[in-house]
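A.B. asks: Below: one structure in structure tokens.
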Protein chains: 4
Amino acid sequence: MDLFQRLKTDARPEWSAYVSHEFVEQLGAGSLPEGCFRHYLVQDYLFLIQFARAYALGVYKSPTIDDMRASLEGVKAILDTELDLHIELCAGWGMTRPMIEAAEEDRPTMAYTRFVLETGMAGDLLDLQVALAPCIIGYAEIGADLKKRHTAKIAGNPYRRWIEEYAGDLYQELAREFGIWMDKSAKIYLTESRYPRLATIFRKASILEADFWQMGLDAEATQR
Amino acid sequence: MDLFQRLKTDARPEWSAYVSHEFVEQLGAGSLPEGCFRHYLVQDYLFLIQFARAYALGVYKSPTIDDMRASLEGVKAILDTELDLHIELCAGWGMTRPMIEAAEEDRPTMAYTRFVLETGMAGDLLDLQVALAPCIIGYAEIGADLKKRHTAKIAGNPYRRWIEEYAGDLYQELAREFGIWMDKSAKIYLTESRYPRLATIFRKASILEADFWQMGLDAEATQR
Amino acid sequence: MDLFQRLKTDARPEWSAYVSHEFVEQLGAGSLPEGCFRHYLVQDYLFLIQFARAYALGVYKSPTIDDMRASLEGVKAILDTELDLHIELCAGWGMTRPMIEAAEEDRPTMAYTRFVLETGMAGDLLDLQVALAPCIIGYAEIGADLKKRHTAKIAGNPYRRWIEEYAGDLYQELAREFGIWMDKSAKIYLTESRYPRLATIFRKASILEADFWQMGLDAEATQR
Amino acid sequence: MDLFQRLKTDARPEWSAYVSHEFVEQLGAGSLPEGCFRHYLVQDYLFLIQFARAYALGVYKSPTIDDMRASLEGVKAILDTELDLHIELCAGWGMTRPMIEAAEEDRPTMAYTRFVLETGMAGDLLDLQVALAPCIIGYAEIGADLKKRHTAKIAGNPYRRWIEEYAGDLYQELAREFGIWMDKSAKIYLTESRYPRLATIFRKASILEADFWQMGLDAEATQR
């Protein structure tokens, strides 16, 4: 069993609460109120900026050139591609770049991103990878699952593009490679006596990811 | 006007929401449900541990020996004194050390502490000081204000000890010195074009502090 | 006067000792013993790895997306291009990739790179930029100066490729842009009372750069 | 065998070059030129300031409260006691506080201290401990060894105070406790595949410590 599977197994309730969150269910069913998705999208943009910083921290923290390059891919993906794609995606939902850039980080956005960054800074590359994993691998799991379960009605789902992006080969492969990279670090840095500390990081990160969905769901009432 | 006053003035709504939070009002009136206070106390213990790390980061970040020593006082206060006092205070509310040490950080505890630590790591000593200020100076303001407003009935207030600790000369002086120390950094590192970034840090930290009170208030329903 | 010119002017002796180092003079004249250059090349490879980490730290430390992108260019330049070019350059001098990768960092390599990284971590982006400047802009100045002074005999100079790389438009532009980027940070973060601290960083970094040349010069005796 | 013994055994030549350095030998024999010792003393003061930062980083990096407290002892020892003792010791050699505080860090001082700080920041607490060990435990070994070998003539040795400080029970105990603390981290974080990376840190730190002695020895020629 790879490290991710083990961590997931040991954080069963928190992991379920995250990947099967009501926001996710409604997204898959196409019934999520648009205002929820819009709020999520904008916060996800701000989230990505912090995640680029986290990957950059990974480059700094890397003990080998291979690790540096693996982490650099994450920074490049976000700063060179994803942020612009995100702006474009937002445009499809009627939000302009100035609107998005003027937005302020909501609490769950700050909570998860700063937790990841600080965990990585205080610890080593493996700590950082474990803090990033719920997001990176979790989104692949959610995307693939939604695609499979809702494939019949996906054509009419307003969130189809989102689902297909994370269910797509490109993202699935990226997540798979992240898992392999984390296992490489684990091979060198993981001990049984250290494992409980990593499990705590993973569990907390999963909780904070679930809060991020909840923020989207709560947005309907407050923002529209 | 010193930097703290300026930051507070520019974050008026967030500051009010924090220092006049319903949790604070009920604490002052002695009407706060005990379960709320207990939850707060335990989380505050976990909070203090992270704050000791933040002060230690301040020692690391200090450009002068004087700055190092000022920051060291904060680490010593927490690790040498406050943590034990806190355990003792908790004992008065029926909570034992093992109970407290087994507790897990709640979301608002993680959110505020990691924000402070990460802001300080990414920036310089002044960024760190501004992120710490809402807590350090805010508690002095809250303590003094509650003491003044509720002085007639303080004898019967179950939270008297808490109020008098923060209203007391020792803490008031500590907070005053923190403000002076922050102004010293500002004298060297503050520019007008940088100020808005510091104002954002201060505002976010104030929001996250208010969330910490809210966590206490919400505890009643969930935990008792 | 931009920040770089000011810093250079205030570190006149250290700057001269660096840019007009005997190693540089002999490189320009083509009289540098090959062993010196070989030792320098290998150490410069190890140096670049640390510099990629420093640029990645710059991404982490960046207060804006523009800063993040500017810093990312540095990481990409090294990890995606320069390291391989360096291996190729070394091959022309009879050194294979395994030889280079097995080499151990010499003292001056450690001294300068860790100084840059640690200065950047302890301070803000501007501190990091100032610590990087002697290398980034200094190499452009040295390259351009050597090209101009030795242009008549450059065809026969065994170190022609090195000189032309740093004298070339690509590198000159990169250094110019770095200076502009540093000035952007200075506009926001520089105060007169802070300036002496930046001047000290710049001066120390220049000294440590000169030591890097000296290491090359000393290599002849010890390594051949 | 504890981790320190293992690291020392695997860095035999670098360790010998450090603990049996000519500076150490002359110090023990009382034949070290005064100018060498004076230069060393002043640099050691500047070194201690950086070491206090390294211990503070240790507090920040600590995964447990016990680790935080162990590391805090190091910060307190330096900032509350050792720096003043050092000034006093310097006074006995005719150097005033202003002279010492105006002194600038020499290269070997920067090289070792920044290496320690940066290693600790990039890695975890164990990396930091291993980088600190050659100094902390090495001085105990050197002090005890000099005391034993030169006990007959120690009364007339001008460096007697230095030797007896590090040979004394207080320092010996401090070093012993540091070793125990490092072993505690190793029990949780050490793996065989990670060990070579720690060995490299230890070896480099030992080299940089030897350079610190050499700086003292070289001072005679340049400074008197």
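The values are calculated or read from the model by the stated rules, or taken from the named source; none is laboratory data. Quantities reported herein were computed from a predicted structural model and do not represent experimental measurements. Note that we place each Cβ from the backbone using ideal geometry, even for glycine, and neighbour counts take in every protein chain shown. Surface areas here come from the heavy atoms of the whole protein model, side chains and all, with no ligands, DNA or RNA. Shrake-Rupley method; radii C 1.70, N 1.55, O 1.52, S 1.80 Å.
A.B. asks: Among the residues of region A:59-70, count how many are within 10 Å of chain C (Cβ to nearest Cβ) and in contact (Cβ under 8 Å) with a residue 40 or more places away in the chain.
C.D. replies: The qualifying residues number 2.
A.B. asks: Which residues, taken from region B:4-30, are farther than 16 Å from B:Leu217 by Cβ and part of a helix (DSSP H, G or I)?
C.D. replies: Listed by number, the residues that qualify are B:Phe4, B:Gln5, B:Arg6, B:Leu7, B:Lys8, B:Thr9, B:Asp10, B:Arg12, B:Pro13, B:Glu14, B:Trp15, B:Ser16.
A.B. asks: Can I ask one more? Return only the number of the condition from (1) over 17 Å from D:Leu208 (Cα atoms); (2) within 14 Å of chain B (Cβ to nearest Cβ); (3) open to solvent by less than 10 Å² (accessible area, probe 1.4 Å); (4) in contact (Cβ under 8 Å) with a residue 24 or more places away in the chain that D:Cys36 does not satisfy.
C.D. replies: Failing condition for D:Cys36: (2).
A.B. asks: Tell me the helices (runs of 4 or more DSSP H) entirely within region A:132-224 that contain at least 1 residues that are within 14 Å of chain D (Cβ to nearest Cβ) and among the polar types (S, T, N, Q).
C.D. replies: In region A:132-224, A:169-189, A:195-223 are the helices (runs of 4 or more DSSP H) which contain 1 or more residues that are within 14 Å of chain D (Cβ to nearest Cβ) and among the polar types (S, T, N, Q).
A.B. asks: Working only within region C:1-21, note down all residues that are under 13 Å from C:Glu209 (Cα atoms) and charged (D, E, K, R).
C.D. replies: C:Glu14
A.B. asks: Residues being β-branched (Val, Ile, Thr) and over 30 Å from B:Gln26 (Cα atoms): count how many of those fall in region B:180-224.
C.D. replies: 3
Residue-by-condition table, conditions (1) open to solvent by 60 Å² or more (accessible area, probe 1.4 Å); (2) out of contact with any strand residue (DSSP E or B) (no Cβ under 6 Å at 6 or more places or on another chain); (3) at pLDDT 95 or above:
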position	(1), (2), (3)
B:Asp169	yes, yes, yes
B:Met182	no, yes, yes
B:Ser185	no, yes, yes
B:Ile188	no, yes, yes
B:Thr191	no, yes, yes
B:Arg194	no, yes, yes
B:Arg197	yes, yes, yes
B:Ile207	no, yes, yes
B:Ala221	yes, yes, no
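A.B. asks: With respect to A:Ala56, determine if the residue is out of contact with any strand residue (DSSP E or B) (no Cβ under 8 Å at 6 or more places or on another chain), closer than 30 Å to C:Pro98 by Cβ, at pLDDT 95 or above and at the interface with another protein chain (Cβ under 8 Å from one of its Cβ atoms).
C.D. replies: So A:Ala56 passes the test.
A.B. asks: Mind checking which residues of region D:115-170 are acidic (Asp, Glu) and over 28 Å from D:Lys187 (Cβ atoms)?
C.D. replies: Once the filter is applied, which keeps residues that are acidic (Asp, Glu) and over 28 Å from D:Lys187 (Cβ atoms), region D:115-170 yields D:Asp145, D:Glu164, D:Glu165.
A.B. asks: Can you tell me which residue in region D:14-27 is most open to solvent (accessible area, probe 1.4 Å), limited to those that are touching a Phe, Trp or Tyr at 6+ places or on another chain (Cβ under 8 Å) and more than 19 Å from D:Val116 (Cα to Cα)?
C.D. replies: So, considering only residues that are touching a Phe, Trp or Tyr at 6+ places or on another chain (Cβ under 8 Å) and more than 19 Å from D:Val116 (Cα to Cα), the one most open to solvent (accessible area, probe 1.4 Å) is D:Glu22.
A.B. asks: In addition: Which numbered condition in (1) at pLDDT 95 or above; (2) surrounded by fewer than 16 Cβ atoms within 10 Å (Cβ to Cβ); (3) not in a helix (DSSP H, G or I) is the only one that A:Met1 fails?
C.D. replies: Status for A:Met1: all satisfied but (1).
A.B. asks: Residue under question is C:Thr113, and the condition is that it be closer than 30 Å to D:Phe47 by Cα, of a type outside the set (A, V, I, L, M, F, W, C) and within 14 Å of chain D (Cβ to nearest Cβ); does it hold?
C.D. replies: yes
A.B. asks: Right, next: Output yes when any residue across region B:144-163 is of a type in the set (Phe, Trp, Tyr), in contact (Cβ under 8 Å) with a residue 60 or more places away in the chain, closer than 30 Å to A:Ala54 by Cα and buried (at least 19 other Cβ atoms within 10 Å of the Cβ), and no when none is.
C.D. replies: There is no residue in region B:144-163 that is of a type in the set (Phe, Trp, Tyr), in contact (Cβ under 8 Å) with a residue 60 or more places away in the chain, closer than 30 Å to A:Ala54 by Cα and buried (at least 19 other Cβ atoms within 10 Å of the Cβ).
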